[in-house]
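Engineer: Provided herewith is a single structure, encoded as structure tokens, for subsequent inquiry.
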2 protein chains.
Amino acid sequence: MNARDPRPSFGGREFGEGGDVSKRILKLVRSDDLRRSKSDRLIAHYIERNIAELPFETARSIAQRLQVSPMTIGRYLRRMGFDGLDELKSELRRGGSNPAWEVKGPVASLEQDRKEGKLLAGLIQQQIDNLGQIYAITSAPEWQQTIDALIGATEVYVAAYQNVRGIAQYFASQLSYTRPRVQFVDGLNGTYAELLDGSVEGRLLFLHDVRRFAAKARPLALEARRAGVKVVLLTDEFCPWGPEVSDICLIVPGSHGPLWDGAATMTAVMDLMLSNIIVLKGDEVSERVDTLTHLQDVFGDFES
Amino acid sequence: MNARDPRPSFGGREFGEGGDVSKRILKLVRSDDLRRSKSDRLIAHYIERNIAELPFETARSIAQRLQVSPMTIGRYLRRMGFDGLDELKSELRRGGSNPAWEVKGPVASLEQDRKEGKLLAGLIQQQIDNLGQIYAITSAPEWQQTIDALIGATEVYVAAYQNVRGIAQYFASQLSYTRPRVQFVDGLNGTYAELLDGSVEGRLLFLHDVRRFAAKARPLALEARRAGVKVVLLTDEFCPWGPEVSDICLIVPGSHGPLWDGAATMTAVMDLMLSNIIVLKGDEVSERVDTLTHLQDVFGDFES
DNA sequence: CCCAAAATGTTATTAAAATAACGCTTGTGC
DNA sequence: GCACAAGCGTTATTTTAATAACATTTTGGG
């Protein structure tokens, strides 16, 4: 045993209260003694909320999720009184009888509630169905073209209006982690000169618009193409002029609900694009992320 | 791959019969093809009776229990169509989602397709799992409190920073369709005076922040509460100071991927909130939407 | 009873997780 | 601020599980 990481003689299995095991673990995890440092709280919190998932986890996987080192998890478990995650697991196993993971998952109860006509369950179900559909998009040739375009362009300009403007800004923000020269444009100066002045070859306009289309969108796309800018359009199935004004037109189906159109599916599509880019660019992205993380620490107003 | 122990092209995930995963596994295990030899039946029987225990087992431990060699277990799992027990476990973990589309095989595109196809499908699956989980949030008391607060407040201020800023702006934009006096605040004037000056009772701060937390977020929440503003915090499971600084703390689990943290789940949560509000406010919202639609037509730069 | 084919066990190798030892960072008391 | 202690990450090592390749046993037909 490591002298630096002693296993205390109290706590853990020494308790013999005989009650429900997961309750005991939760109680342990909630005790002040195990929430002292920041990562303590992180881990405690994670266990508290994901106790049903623990059987599937390893110390390593938890560590990765929480962005700490596996050692920290190991030390924490030892402070809890368990000699490694396996010991905690077998304790959980004995305690049994509470298992959310058994046959019914959370999704199963979701299904149940949906049948009972609960509104939110139905909406979630619809979101899920939508997500199932977007897999089809990733197999379309336009998908690969879009990825290639986003990677290959010298400069990327992202544009969107009205209510989905924020979503596109998010995309631009995330995209800039994977490559340089990404900019959100709003044309508030009235000209879009930065995009349309033709001073750089290989520019790309990533235009996002959905129903109740913005008046500016179509002319911008047309003008961009005239200026030699490649245009990617991400839109929904209601766009009447999609393919005409764009080089690559990605149509996301089903991104509209009974009450109104949600942006969740679009966000998922964007996240998928980013993931795909990361996979393709690999280490190149890691380096850039490191650089940006450093810059964040210097200028970024991030915590800690 | 071992020529003696081929993994057949049928079986396992190739089936897309839909429905609950454990059902699928049980069905597999009961098929004649997987009960041919003596140990086949032994293993099949064991899985059938102890499927809930599987997450705690290893191939080795099962083997020991059944007095066969670990190899036999491994081979059996492979015949089932799983590449090792871990793959079966992760299937079980997913619980209940329909793998129909996961199966559609490799996407027909460029070289790395198989890998990437799998990857994207996996990411979508993860999104779906996340969505399944958010149902749990909607049943939490905090959910209803949040909805009530969003409806009941005299003024709503939405705040977020860095990369999720756009997402929150989207939320603010959408929320303003359901009720008046919604504003996104960024504190760029350095004071947040509009929010903190105490000139109006019943104000609400809707603060959204996720990992790599903004340095501004925590102080803003604290200051807001001091100024008598109710604080709703929408965050992920990594927030160490969530409940301390907020009146209502909504924690969205699983909004993080292997590559990075996506915003799709958060967007879905927001859309759900909006839907919930619409349902509760009913006609009141319709009227407001009509009004806003009219205003859009006059000022809004919308098409047609 | 024998023989071929299938099934299983054994052994050696590979892959992966846990952790001890060390060093850096962070926070905290004076 | 400064110094000491606690917390954490990193690397190298140990331990454990999974599996390919080979050896042995079992099964079923003649």
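Engineer: What number results when the radius of gyration of the range B:136-299, computed over Cα atoms, is divided by 2.2 N^0.38 Å? The partial results should precede the final answer.
Structural biologist: Numbers: Rg = 15.5 Å, N = 164, 2.2 N^0.38 = 15.3 Å.
Dividing the Cα Rg of the range B:136-299 by 2.2 N^0.38 Å gives 1.01.
Engineer: Just to confirm the numbers: B:Gly282, label point 7 angstrom along the Cα-Cβ line, distances to the other copies in nm, shortest first?
Structural biologist: Those label-point separations list as 6.0 nm.
Engineer: Rounded to the nearest whole Å², what accessible area per residue is found for the range B:136-299 with the 1.4 Å probe?
Structural biologist: Working: 6150 Å² over 164 residues.
Heavy-atom accessible area per residue stands at 38 Å².
Engineer: Here is the link list: B:Lys230/B:Lys281; A:Lys38/B:Lys281; A:Lys23/B:Lys230. Which ones come out longer than 30 Å on Cα distance? Kindly include the intermediate steps, with their values, before the conclusion.
Structural biologist: Values: B:Lys230/B:Lys281 21 Å; A:Lys38/B:Lys281 41 Å; A:Lys23/B:Lys230 32 Å.
As for pairs spanning more than 30 Å Cα to Cα, those are A:Lys38/B:Lys281; A:Lys23/B:Lys230.
Engineer: Right, next: Let's test the formula: R0 of 22 Å, r as the Cβ-Cβ distance of A:Ser61 and A:Ser37. What FRET efficiency results, to the nearest 0.05?
Structural biologist: Numbers: r = 21 Å, r/R0 = 0.96.
The formula returns an efficiency of 0.55 here.
Engineer: Where the centre of each part is set by its Cα atoms, how far does the range B:43-62 sit from the range B:162-222, in angstrom?
Structural biologist: Comparing the Cα centres of the range B:43-62 and the range B:162-222, I get a distance of 50 Å.
Engineer: Using modelled amide H (1.01 Å from N, peptide plane; none on Pro or chain starts), what sits under 5 Å from the amide H of A:Val158, excluding residues fewer than 5 places away?
Structural biologist: A:Gln183, A:Phe184, A:Val185, A:Phe206
Engineer: Rounded to the nearest 100 Å², what is the buried accessible area between B and A, both sides summed, probe 1.4 Å? All intermediate terms of the calculation are to be shown ahead of the outcome.
Structural biologist: Numbers: alone 17400 and 17590 Å², together 27550 Å².
Its buried surface, counting both partners, is about 7400 Å².
Engineer: Other chains near B:208-217: what is the mean number of their Cβ atoms within 10 Å of each residue's Cβ?
Structural biologist: 3
Engineer: Now, a different point. For A:40-50, what's the mean count of beta carbons from other chains sitting within 10 Å of each residue's beta carbon?
Structural biologist: On the way: counts 1, 5, 4, 0, 1, 7, 3, 0, 1, 5, 4.
If you average over the peptide's residues, the count of other-chain Cβ atoms is 3.
Engineer: How many Cβ atoms of partner chains, on average, are near each residue of B:165-177 if near means within 10 Å of its Cβ? It would help to have the intermediate numbers written out before the result.
Structural biologist: On the way: counts 4, 14, 7, 2, 6, 14, 3, 2, 7, 7, 0, 1, 2.
Taking the mean over all residues of the peptide, I get 5.
Engineer: Sticking with this one: Would you please put A:227-238, A:162-173 in order of how densely packed they are, using the mean number of other Cβ atoms within 10 angstrom per residue and starting with the highest? Can you show the working numbers first?
Structural biologist: Working: A:227-238: 20.2, A:162-173: 23.7.
Highest to lowest by the protection proxy: A:162-173, A:227-238.
Engineer: Which residues among the range A:48-90 fall inside the zone where the amide N is under 17 Å from a point 7 Å beyond the Cα of A:Leu26, along Cα→Cβ?
Structural biologist: A:48-55
Engineer: Further question on the same structure: Please list, ordered by chain and number, the residues whose modelled amide H lies under 5 Å from the amide H of B:Arg211; skip anything fewer than 5 residues away on the same chain.
Structural biologist: Here B:Asp236 satisfy the definition.
Engineer: Now, a different point. Using a 7 Å offset from the Cα along the Cα-to-Cβ direction at both A:Glu87 and B:Ala215, what is the distance between the two label points in nm, to one decimal?
Structural biologist: 4.2 nm
Engineer: Would you mind calculating the relative contact order of the range A:134-299 from Cα pairs under 8 angstrom and at least 6 residues apart, reporting the percent as a whole number? Before the final figure, lay out each step's value.
Structural biologist: Working: 229 pairs, mean separation 38.9, N = 166.
Computed value for the range A:134-299: 23 percent relative contact order.
Engineer: Cut-off 15 Å, label point 7 angstrom out along Cα-to-Cβ of B:Ala140: give me the residues of the range B:189-209 whose amide nitrogen falls inside.
Structural biologist: Those under the cut-off are B:207-209.
Engineer: B:Gly190 label points, 7 Å along Cα→Cβ, one per copy: pairwise distances from this copy to the rest in nm, shortest first?
Structural biologist: 3.1
The values are calculated or read from the model by the stated rules, or taken from the named source; none is laboratory data. Bear in mind that the values here come from a model prediction, so they are computed numbers and not experimental data. Reconstructed Cβ throughout: ideal geometry from the backbone, glycine too, with neighbour counts over all protein chains shown. Surface accessibility is based on the protein's heavy atoms, side chains included, excluding ligands, DNA and RNA. Shrake-Rupley method; radii C 1.70, N 1.55, O 1.52, S 1.80 Å.
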